[in-house]
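The values are calculated or read from the model by the stated rules, or taken from the named source; none is laboratory data. This one's a predicted model, so the numbers in the text were calculated from it and none came from an experiment. Using ideal geometry, Cβ is built from the backbone for each residue, glycine included, and neighbour counts are taken over all protein chains shown.
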Amino acid sequence: MSTPPLQPQPEPSQSHQPDKKPSRIHILGASGSGVSTLGSNLSSILSIPVFDVDDYYWVLTDPPFTTKRSIPDRIALLKPLLISAQEEHGGWILAGSMGTWGGPLMEDVEHVIFVDTPTEVRMSRLREREYKRHGDRIREGGDMYEESTAFLTWAERYEDPTLDEGRSRRIHEDWLKEVKVPFTRFNGEKEEPVVIREALEGLGRKP
């Protein structure tokens, strides 16, 4: 009896390749820690889109950051974008803290990066950023003075264990304890090239 010809075996799908690197990434940290900057840099290097959580958390208003979207609306906006990014680019980056409301989005995350930056460094960055964005509107007498002052006061309280709303170290550390995927933690005070290199190494990629 003749032996039947061997059938070509299908190549394993990319999702089952043991050397596949994480391509669905969530970056978080305190305000001013460098989350958005790192997200933008990794997006360029890895050729995958980055989505800033704040763009979907807040309704677009003037002054900005005054009206929150409902949780279902945030998920409804982001979920299709992540699906499309995965199909078209093979991955995505979510930059910004989500906490418990982002559970449906975390189901697809493969790696978490926590950027831990000293308060004095963050606050210097935030004050500079606030003025670049809003100019004299945040000075005393400006229409955004009270809002900007309240934001900076809140951001400076990140290390306060009694802070129970938004971003705080306690909330982030508790959240990280529940993360089911690998995560990388590093100091965001370092020079930008160093931060990028450490992030890539944490993802198992060569800088």
Selection count, region 99-114, where residues are closer than 21 Å to Arg69 by Cα and surrounded by 22 or more Cβ atoms within 10 Å (Cβ to Cβ): 1
Region 48-60 residues that are surrounded by 17 or more Cβ atoms within 10 Å (Cβ to Cβ) and modelled with pLDDT of 95 or more, paired with ones that are basic (Lys, Arg) and assigned to a loop (DSSP other than H, G, I, E, B) (beta carbon under 9 Å, 6 or more apart): Tyr56/Arg69; Tyr57/Arg69
Any hit, region 65-77, residues being surrounded by fewer than 19 Cβ atoms within 10 Å (Cβ to Cβ), modelled with pLDDT of 95 or more, more than 16 Å from the chain's Cα centre (by Cα) and among the aromatic types (Phe, Trp, Tyr): no
Residues (acidic (Asp, Glu), under 13 Å from Glu130 (Cα atoms) and surrounded by fewer than 16 Cβ atoms within 10 Å (Cβ to Cβ)) located in region 142-170: Glu146
Selection within region 83-115 - among the β-branched types (Val, Ile, Thr) and within 19 Å of Leu203 (Cβ to Cβ): Ile93, Val109, Val112, Ile113, Val115
First in region 160-178 and under 18 Å from Trp101 (Cβ atoms), second anywhere and exposed (fewer than 12 other Cβ atoms within 10 Å of the Cβ), Cβ under 9 Å, 6 or more apart: Ser168/Pro161; Ser168/Thr162; Arg170/Pro161; Arg170/Thr162; Arg170/Asp164; Ile171/Asp164; Ile171/Glu165; Trp175/Thr100
Those helices (runs of 4 or more DSSP H) lying entirely in region 95-207 with at least 1 residues over 17 Å from Ser31 (Cα atoms), aromatic (Phe, Trp, Tyr) and more than 18 Å from the chain's Cα centre (by Cα): 145-156
Per-region count, region 128-143, residues touching a Gly at 6+ places or on another chain (Cβ under 9 Å) and at negative phi: 4
Residues located in region 81-94, provided they are part of a helix (DSSP H, G or I) and touching a residue at least 12 places away in the same chain (Cβ under 8 Å): Leu81, Leu82, Ala85, Gln86, His89
